[in-house]
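The values are calculated or read from the model by the stated rules, or taken from the named source; none is laboratory data. Everything quoted here is computed from the prediction, not taken from an experiment. Every residue, glycine as well, gets a Cβ built from its backbone with ideal geometry; the counts of neighbours run over all protein chains shown. Side chains are part of the model used for accessible areas, which takes the heavy atoms of the whole protein and leaves out ligands, DNA and RNA. Shrake-Rupley method; radii C 1.70, N 1.55, O 1.52, S 1.80 Å.
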Amino acid sequence: MTIKATLLASALIFSPLAATAADLTIGFSQIGSESGWRAAETTVTKQEAEARGINLKFADAQQKQENQISALRSFIAQGVDAILVAPVVATGWDEVLEEAQDSDIPVILLDRTVDAPDNLYLTAVTSDLVHEGSVAGQWLVDDVAGADCRIVELQGTTGSSPAIDRKAGFEKAIAGHENLEIVRSQTGDFTRSQGKVVMESFLKAEGGKNICALYAHNDDMAVGAIQAIKEAGLKPGEDIRIVAIDAVPDAHLAIANGEMNATIELTPNMAGPALDALAAYLADGTTPPKWIQTESRLYTAADDNQAIYETKKGLGY
Ligand code: GYE
């Protein structure tokens with residue numbers, strides 16, 4: 001190839017035209033479908049890819065990290081242009097991320113973070129998971145207004161960054177408030193069914209009257225727990241205050257019905273900002289910040305939750 005032809009070819013590679021999303025094949029390793037929020041994220045990611053003409057290869061890991069690692073290796077072998085991954089747990093990613101890097105395939109993390117050097121991925125699109133926990137804790141501090149409160153906590157998937165960070169943020173917010181105490185804390189794996197089962201065991205162990213509040217790391221576990229509380233003959237939202245995270249439609253409905261008290265919104269659209277950052281990077285090498293932070297908003301009974309429920313339920317949930 002002549003120098004001119006080489007220059008032309010490289011100009012083409014880096015021109016915005018050459019990097020139009022329509023030419024891209026992207027692999028997406030999703031965790032599974034443990035929650036309503038997760039299902040919505042899958043739907044929205046597919047929509048965002050389709051709107052950009054991207055060929056999205058979707059792999060459902062059924063909650064298993066080993067399946068995610070296999071999916072990433074298969075994407076690398078296929079020579080995809082980029083990889084999106086929602087990492088189920090925080091540790092154990094270095095090796096496969098290095099393999100992607102060796103093949104010049106940029107990786108973007110969606111909604112959860114990893115304990116790996118940040119040069120191994122292009123960017124992470126997530127909420128401030130610690131902050132979400134703090135907002136939940138602060139809401140409870142304010143709501144009990146100095147009264148004694150024995151709290152039970154439903155944790156997310158063990159070893160996942162949201163479970164670690166949402167616990168830490170909540171504990172930080174209630175620290176120093178002697179009236180608040182976490183008396184039971186266990187994983188409910190981010191699912192409705194486990195949320196219900198573990199809440200039943202909390203109610204049995206503590207006695208429903210001795211539990212003042214439930215903090216659940218996501219809405220699905222809270223919705224499962226609401227069922228358990230009702231079956232125990234107590235009123236969720238009244239006898240036991242409930243604060244959780246995600247702001248899925250069913251949480252808004254539960255707040256509208258007085259069965260839940262507060263939730264913090266997590267957008268299911270992590271792919272939009274991720275694909276925009278990727279397009280800019282592939283077009284002219286624009287390096288995105290290592291963290292693209294999505295918003296976290298608190299909803300309480302003061303909001304028109306019935307109306308929000310109606311609006312949200314069509315949006316991928
Ligand atoms: O809150 C929960 C889900 O990774 C931050 O995962 C996300 C969490 C979300 O299954 O519902």
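Filtered by the rule that a residue be within 12 Å of the ligand (Cβ to nearest atom) and outside any strand (DSSP E or B), the range 250-266 gives D250, A251, L266. One residue stands out in the range 214-226 among those that are within 20 Å of Q63 (Cβ to Cβ) and not in a helix (DSSP H, G or I): the one that is farthest from the ligand (Cβ to nearest atom), namely A216. Residues that are open to solvent by 20 Å² or more (accessible area, probe 1.4 Å) and among the β-branched types (V, I, T) do occur in the range 256-278. Of all residues in the range 279-317, those that are more than 16 Å from the chain's Cα centre (by Cα) and surrounded by fewer than 16 Cβ atoms within 10 Å (Cβ to Cβ) total 18.
Just to verify a result, which residue in the range 46-69, among those that are touching a Leu at 6+ places or on another chain (Cβ under 7 Å) and open to solvent by less than 50 Å² (accessible area, probe 1.4 Å), is farthest from the ligand (Cβ to nearest atom)? Among those that are touching a Leu at 6+ places or on another chain (Cβ under 7 Å) and open to solvent by less than 50 Å² (accessible area, probe 1.4 Å), it is I54.
Yes/no matrix, rows are residues, columns are (1) open to solvent by less than 10 Å² (accessible area, probe 1.4 Å); (2) within 16 Å of the ligand (Cβ to nearest atom):
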site: G176; (1), (2): no, no
site: T191; (1), (2): no, yes
site: F202; (1), (2): yes, no
site: C212; (1), (2): no, no
site: A228; (1), (2): yes, no
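The residue that is farthest from the chain's Cα centre (by Cα), among those in the range 167-178 that are farther than 19 Å from G195 by Cα and part of a helix (DSSP H, G or I), is I174. Within the range 270-284, identify whether any single residue is free of Cβ contacts under 8 Å to residues at least 60 places away in the same chain and in a loop (DSSP other than H, G, I, E, B), and answer yes or no. Checked the range 270-284: no residue is free of Cβ contacts under 8 Å to residues at least 60 places away in the same chain and in a loop (DSSP other than H, G, I, E, B). Among the residues of the range 102-127 satisfying the criterion of being of a type in the set (S, T, N, Q) and open to solvent by 10 Å² or more (accessible area, probe 1.4 Å), which is farthest from F190 (Cα to Cα)? The selected residue is S103. In this structure, V107 qualifies as closer than 17 Å to I31 by Cα and either away from the ligand (no atom under 13 Å from the Cβ) or modelled with pLDDT under 95 (or both). Based on this model, can you work out whether A247 counts as within 14 Å of the ligand (Cβ to nearest atom), within 19 Å of A302 (Cβ to Cβ) and open to solvent by less than 20 Å² (accessible area, probe 1.4 Å)? Spelling it out, A247 is indeed within 14 Å of the ligand (Cβ to nearest atom), within 19 Å of A302 (Cβ to Cβ) and open to solvent by less than 20 Å² (accessible area, probe 1.4 Å). Of all residues in the range 147-174, those satisfying the criterion of being among the small types (G, A, S) and either open to solvent by less than 40 Å² (accessible area, probe 1.4 Å) or within 13 Å of the ligand (Cβ to nearest atom) (or both) are G156, G159, S160, S161, A163, G169, A173.
Does V96 satisfy the condition of being in the same structural domain as D276 (by TED's automatic domain parsing) and not in a loop (DSSP other than H, G, I, E, B)? Criteria met by V96.
Taking the condition of being closer than 25 Å to Y317 by Cα, in contact (Cβ under 8 Å) with a residue 40 or more places away in the chain and hydrophobic (A, V, I, L, M, F, W, C), how many residues in the range 178-237 meet it? Qualifying residue count for the region: 8.
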